[in-house]
Amino acid sequence: MRDKRKIRILTLGAMLLAMPLMSHAQLLKGVIKGFTVDEAGVNYSPDGYAINAKMNDLKIQKDGTFTFDMDFQGPTADVGIDLGANGYFGAHLVKGKTVEIAIEKKGAEYDVKFSGADVKINYLVNQITRSFDSMKYWAPDPSEDKPNATYRALLETEYAKVKALLPTIKDNKVRDYYTRLSEGNYKWTKIRLIMDASEDGAKYQDNEEFKQAIAGIDINDPINYQTNLSLTALNNMVKAPLEGNNEAFCREQMALVDKIVTLPGLRTSMVSMIGQQYFLYGNGVGGDQESFIRDYLKFAGNDSIVAKGMIQQFKDKQESKRLTKSGKAAPDITLNTPDGKSVQLSSLLKGKFTYIDVWATWCGPCVKEIPHLEQLVKRFAGNDKLQFISISVDENTKAWKDKLAKDKPQWAQFVLTPQNNQIFSKDWGITGIPRFIMIDSKGNIFSGDASRPSDEKTAKTLEEESK
């Protein structure tokens, strides 16, 4: 499942300089002015790699003030302050000291001021975080997306802002670290934009600019690991295609890791990612799963706990597939309406064939399917034997309601609480969205993993089953 916060923090690096110490001071004090925030959090990654970052809740008071404290590795840590639709900001925390931040919205811009510990580093970290925020260069809603050339020009402008602040850091070691971190974030964002510009069917690997950007990346450099360049370069070496159960791709990845990866954090991340690729995203068809599991555990070595976690998720997914076979009663769950009322899914199902869309506002592929779903709703308008239901997994309910207010969908809309989303996802074996489900008029499962609205066979199936 593609999490907006995970997308956003792919550019965040954490500075690790010493053994852990206990913090004895309030690390961060802040205030926001000119805007309100429904949900906020602070991201921190112990090894600097965004996918390993943890989100800590940030409580913002009615007067806009907030405080934050946590323990972390080393004497300092760079964190991301996620204020949802209002943006992503950075701060450099120092154990035993307090950093103060004031964020004021002026028109469409945000004015950020720091005081307290390491002010100049804080301004730089905030600029790096703001400049390389992934959400600047991608819109989950296709109608809000910009031309690739516009994003490329924006990247150059933002990188120039970062470079202008680097000379303000007088400590050579610290300045060198952030210089290299900025270069890595710039290169990764550039590579990602090159990949995004590839037309359907085109191979970005054949793009000369991509080849130049990917060439010479030291996979075991911690900075390249933090900025996603190591994984990008490593995957670019894999020749096997991602298809079927992904076994050939995963086995080639394991062989490459054994051969060239020496950075412990990168190896641990690869154990997790290879497990996800095979156990969660592969279709499970063909191959000897027991043989792969044996080889995967052997490959994992010291990271066997991570590997066993992936295998358990796989077993849970297989169990959910067994429980959601066609003909089985659909698992029930509590849904919330836009006005905050609760309703049981089971109460909506009897008497009508139901097509369910599981989505989120931050999921690009989900949003791209909405116009196709809208066309299906129009096509079958007046058919009282068929109904459409959209179930959002958005944690940010304001973003969900804003999307509904903008689109004004003419079919039923519900949202899951985070707790119910965990139950729902486990029951149905959902490891990624969008996900589509068909349930017959008796409340039994017709298809636990149905075709998308954009697929021609979806309309044919709906027509046949709702006669």
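The values are calculated or read from the model by the stated rules, or taken from the named source; none is laboratory data. Given the structure is predicted, the values throughout are model-derived calculations rather than measurements. Cβ: placed from backbone, ideal geometry, glycine included. Neighbour counts: every protein chain shown.
Numbers at a glance
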quantity: Of residues in region 207-241 being assigned to a helix (DSSP H, G or I), in contact (Cβ under 8 Å) with a residue 40 or more places away in the chain and among the β-branched types (Val, Ile, Thr), the one nearest to residue 193 (Cα to Cα); calculated: 232
quantity: Qualifying residue in region 335-350 (condition: in a strand (DSSP E or B) and either of a type in the set (Phe, Trp, Tyr) or within 30 Å of residue 139 (Cβ to Cβ) (or both)); calculated: yes
quantity: Hits in region 38-57 (condition: farther than 22 Å from residue 263 by Cβ and touching a helix residue (DSSP H, G or I) at 6+ places or on another chain (Cβ under 8 Å)); calculated: 38, 39, 40, 41, 55
quantity: Qualifying positions in region 44-64 - assigned to a loop (DSSP other than H, G, I, E, B), within 15 Å of the chain's Cα centre (by Cα) and modelled with pLDDT of 85 or more; calculated: 45
quantity: Evaluation of residue 109 against (1) at pLDDT 90 or above; (2) touching a strand residue (DSSP E or B) at 6+ places or on another chain (Cβ under 6 Å); (3) farther than 30 Å from residue 372 by Cβ; (4) not β-branched (Val, Ile, Thr) (one fails), failing number; calculated: (2)
quantity: Considering residues of region 374-411 that are of a type in the set (D, E, K, R) and in contact with a strand residue (DSSP E or B) (Cβ under 7 Å, 6 or more places away or on another chain) only, the residue farthest from residue 355 (Cα to Cα); calculated: 394
quantity: Unique residue being closer than 21 Å to residue 431 by Cα and surrounded by fewer than 18 Cβ atoms within 10 Å (Cβ to Cβ) when the list is 264, 241; calculated: 241
quantity: Which listed residue is over 23 Å from the mean Cα position of the chain (by Cα) and in a helix (DSSP H, G or I), from 296, 278; calculated: 296
quantity: Test for residue 169: is it in contact (Cβ under 8 Å) with a residue 24 or more places away in the chain, more than 20 Å from residue 231 (Cα to Cα) and not polar (S, T, N, Q); calculated: yes
quantity: Set 390, 425, 451: member being of a type outside the set (Lys, Arg), part of a loop (DSSP other than H, G, I, E, B) and more than 16 Å from residue 142 (Cβ to Cβ); calculated: 451
quantity: Residue 113 vs. criteria free of Cβ contacts under 8 Å to residues at least 24 places away in the same chain and either on the phi > 0 side of the Ramachandran plot or surrounded by fewer than 16 Cβ atoms within 10 Å (Cβ to Cβ) (or both); calculated: yes
quantity: Odd one out for residue 140, checked against (1) under 21 Å from the mean Cα position of the chain (by Cα); (2) under 23 Å from residue 70 (Cβ atoms); (3) outside any strand (DSSP E or B); calculated: (2)
quantity: Answer residue from region 341-391, given it is aromatic (Phe, Trp, Tyr) and under 28 Å from the mean Cα position of the chain (by Cα) and is nearest to residue 433 (Cα to Cα) among those; calculated: 359
quantity: Residue in region 300-322 that is surrounded by 15 or more Cβ atoms within 10 Å (Cβ to Cβ), under 26 Å from the mean Cα position of the chain (by Cα) and on the phi > 0 side of the Ramachandran plot present; calculated: no
